[in-house]
Structure formats: structure tokens, C-alpha cells
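J.: Provided herewith is a single structure, encoded as C-alpha cells, for subsequent inquiry.
The values are calculated or read from the model by the stated rules, or taken from the named source; none is laboratory data. All values reported here derive from a predicted model rather than from experimental measurement. All Cβ positions, glycine included, derive from the backbone under ideal geometry; neighbour counts span all protein chains shown.
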Amino acid sequence: MPDTYVVTGQRARQMRVVPAAVLKQLYARSDWAGLKQTAAHAALLVAGGWLVLAAKGTWWVLPALLLQGILVNALFAAMHESVHYGSFKTRRLADLLAFFSGAAILNNAGFYRHYHMAHHRYTQDPLRDPELVTSGTPRSWGNYLYRVSAIPFFRLRFRDILLFPFGFRGDVTYIHDSAWPEVRRWGRWLLAFYAVLLAGSIALRTDVLLWVWLIPLAVGAPLLRLYLLCEHTLCPNSDDGFANTRTTLSNPLVRFIMWNLPYHAEHHLLPNIAFHNLPEAHRHLRPHLAHVATGYVQVNREIVRSFP
């Protein structure tokens, strides 16, 4: 049986905690902030890829692959901010970043946009939150390790890539019918993009993309699963915006490569806040938040301790 979902009716009042004048400033998007963040992330990816290629044939390739895997999987944050149109003031730039960052982590960003909006609308509702519908809450070591392995993630992403461009919906019932034309369109662009990359690699007889992208993607995927588990696990199943989402402060490096997404409770309560303004939002909301952790190891330790 699914867990009980408690409707508190507090969300509208909670959103007014931040003064309107301050909120107006926090909602301001910036192309300059988005360009700086995107350029920095791209530079790190290029440097990480260079390290992998330079280390091939030595044991140093293992830490290089892990580092690149972290950077590749961190593109989840770029996609996330872009589907919210929080990465850039110019929407076309946000769409471009959503597409390419999503493609890098095997995500149809057009689908993710609607999936994620449903997640925001029904956060922690076991019957309607797509994150809970597709994955549930880990309640045993077996379920936890399976989630962290990223096997469920890759299974769903290959479904998206292979089915959605041709109009097949699989078992997806949590996005509106009107969303599917966009999902199909983005899915077709995604297939075309992958086809170009494959054809180019074959024509040039190179395995560079395998080493700087696909292997790191697989290596780093479990770390992203560990990260994402911390956002809502062990938070109550209710619409209480101060309690149903966790902020994990971590360290400046993690906050940087994850586009400030560790300020997750702030983002969930006020999802229109631009990524570069989330630290300021935290200053206003911190006294009200029920779940603020210092690090991801701490939260994962709490999760496994909750198993019977």
C-alpha cells in the first residue's frame, strides 16, 4: 500500500515568507550568469576529457574517469535549471542547454521538463509524484543498492530514447496528453544528434567519445543516484514545502558544479528563483526549513540506518 499523503494547505502561506521585493530580485534571470556557469562547466569537461585521454594505458585512467564521470553527470543540474528556464534569461539559450546537457546524460529534456513539473506539483505524493511512481523510496539494502547501481535509470532512459520519438509512451501516465508532441519532437532531435555522433566517430575511426563521455557517464552515474536520493528521502509525504524537501549544504565545489541545486528545499518552494540567486534565498528561508543536512554522506548514512 502507498504511504498516506497529508495535505496541509500551507504552501501558499509558506511562499510568502520571502518579502515580495526580495522575491522580485531573486526571480531575475541573467544570461551573463548562465554563460559564465556554462563556460566554466564546459572548460572542466574539456580538461577532464584531456586527463582521461592522457592517462589511457596507465592506472591513472581510473581516477581520471571518475573525475570526468562526476563532471558529465553533473550536467543533470544544467538540464534541470534549463527546463525551469532558470539558466538563462533568453529562453532559446535555456532550451539549447537543456537539449545538449540532457543528451549528455541520455535524457530527453523535453520529456524531463514535463516529468519534473509533475514532480513539483505533486512532491512526495506516492500516487502522483513521478519520482515516487517510477522509483519509490528505498526501504532495504537490496532496493537501495539497486537504485544506486543506476540500472533502473539506464533502463528508463533507453526506453525514452527508443520509444518516445515514434509516439510510444510506455507506461508513462503522469504527464498530460498535450505534452507528448514536444516529447516526440525532442526525442527525434535526440536520435538525430546521436546518429551524427556515431557516424562521425565511425568516419574518423575514433573512440574518443567512448572514453571522454560514455565510460565516464557509466562510472559516475551511481554518484548522481546517491546525490538525488538525498533530495526527498526520509522527508514526510505531505505538501508542507518546509519539510518535504531537503537542502544539503555540502561544499562550495559541489554547489558550483551542481548549479546551486543542493539548495533544493529553496528551489522546490520557489522554483522560479534563478540558480545564481539560490544562496541568497537560503539566507531568507533557512530558519523555516525542517531538513538541512551538512553533506551527502551524512544523508545516505541516515537512509541506510532507516532500513529495518
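J.: For residues that are under 15 Å from Ser101 (Cβ atoms), of a type in the set (Ser, Thr, Tyr) and in a loop (DSSP other than H, G, I, E, B), tally how many sit in region 36-76.
T.: Final tally of qualifying residues: 0.
J.: Kindly indicate whether any position in region 124-136 is in a loop (DSSP other than H, G, I, E, B), among the hydrophobic types (A, V, I, L, M, F, W, C) and modelled with pLDDT under 95.
T.: Yes: one or more hits.
J.: Only one of His282, His288, His264 is under 22 Å from Val18 (Cβ atoms), crowded, with 18+ Cβ neighbours inside 10 Å and touching a Phe, Trp or Tyr at 6+ places or on another chain (Cβ under 6 Å). Can you tell me which?
T.: Step by step, each of His282, His288, His264 is checked, and only His282 is under 22 Å from Val18 (Cβ atoms), crowded, with 18+ Cβ neighbours inside 10 Å and touching a Phe, Trp or Tyr at 6+ places or on another chain (Cβ under 6 Å).
J.: Conditions first: (1) of a type outside the set (Lys, Arg); (2) within 18 Å of Val297 (Cα to Cα); (3) in contact (Cβ under 8 Å) with a residue 12 or more places away in the chain. Pro252 passes all but one, so which condition is the exception?
T.: The single condition Pro252 does not satisfy is (3).
J.: Test each condition in (1) touching a residue at least 40 places away in the same chain (Cβ under 8 Å); (2) within 30 Å of Phe307 (Cβ to Cβ); (3) assigned to a loop (DSSP other than H, G, I, E, B) for Ile175 and report the one that comes out false.
T.: Going through the list (1) touching a residue at least 40 places away in the same chain (Cβ under 8 Å); (2) within 30 Å of Phe307 (Cβ to Cβ); (3) assigned to a loop (DSSP other than H, G, I, E, B), Ile175 breaks only (2).
J.: From the list Arg92, Arg29, which residue is closer than 28 Å to Phe111 by Cβ, modelled with pLDDT of 95 or more and loosely packed, with under 14 Cβ neighbours inside 10 Å?
T.: Result of the check over Arg92, Arg29: Arg92.
J.: Return the residues of region 56-81 that are of a type in the set (S, T, N, Q) and free of Cβ contacts under 8 Å to residues at least 40 places away in the same chain; say none if nothing qualifies.
T.: Within region 56-81, just Thr58 meets the criteria.
J.: For the list (1) out of contact with any Ser or Thr (no Cβ under 6 Å at 6 or more places or on another chain); (2) buried (at least 21 other Cβ atoms within 10 Å of the Cβ), I need the number of the one condition that Lys36 fails.
T.: Result: Lys36 fails condition (2) only.
J.: If you don't mind, there's one more thing I want to ask. Within region 1-26, which residues are surrounded by 17 or more Cβ atoms within 10 Å (Cβ to Cβ) and either free of Cβ contacts under 8 Å to residues at least 24 places away in the same chain or polar (S, T, N, Q) (or both)?
T.: The one that is surrounded by 17 or more Cβ atoms within 10 Å (Cβ to Cβ) and either free of Cβ contacts under 8 Å to residues at least 24 places away in the same chain or polar (S, T, N, Q) (or both): Gln14.
J.: As an exercise: evaluate Thr4 against (1) farther than 29 Å from Ala281 by Cα; (2) not in a loop (DSSP other than H, G, I, E, B) and give the number of the one condition it does not meet.
T.: (2)
J.: Restricting attention to region 262-308, which residues are within 17 Å of Glu231 (Cα to Cα) and either outside any helix (DSSP H, G or I) or at pLDDT below 95 (or both)?
T.: Pro262, Tyr263, Leu270, Pro271, Leu289, Ala290, His291, Val292, Ala293, Thr294, Gly295, Ser306
J.: Which residue pairs have Cβ atoms under 7 Å apart, sit 6 or more places apart or on different chains, and have a first residue in region 98-116 that is on the phi < 0 side of the Ramachandran plot and a second that is modelled with pLDDT under 95 and aliphatic (A, V, I, L, M)?
T.: Hits for this filter: His114/Ile175; Tyr115/Ile175.
J.: Kindly indicate whether His232 is under 18 Å from the mean Cα position of the chain (by Cα), over 19 Å from Leu75 (Cα atoms) and either touching a residue at least 60 places away in the same chain (Cβ under 8 Å) or surrounded by fewer than 20 Cβ atoms within 10 Å (Cβ to Cβ) (or both).
T.: Yes; evaluated as a whole, the condition is true for this residue.
J.: Does Val183 satisfy the condition of being under 19 Å from Glu131 (Cα atoms), under 21 Å from the mean Cα position of the chain (by Cα), at pLDDT below 95 and buried (at least 21 other Cβ atoms within 10 Å of the Cβ)?
T.: Against the criterion (under 19 Å from Glu131 (Cα atoms), under 21 Å from the mean Cα position of the chain (by Cα), at pLDDT below 95 and buried (at least 21 other Cβ atoms within 10 Å of the Cβ)), Val183 does not qualify.
J.: Check Ser250, Ser201 and return the single one that is of a type in the set (Gly, Ala, Ser), part of a loop (DSSP other than H, G, I, E, B) and under 25 Å from Gly69 (Cβ atoms).
T.: Ser250
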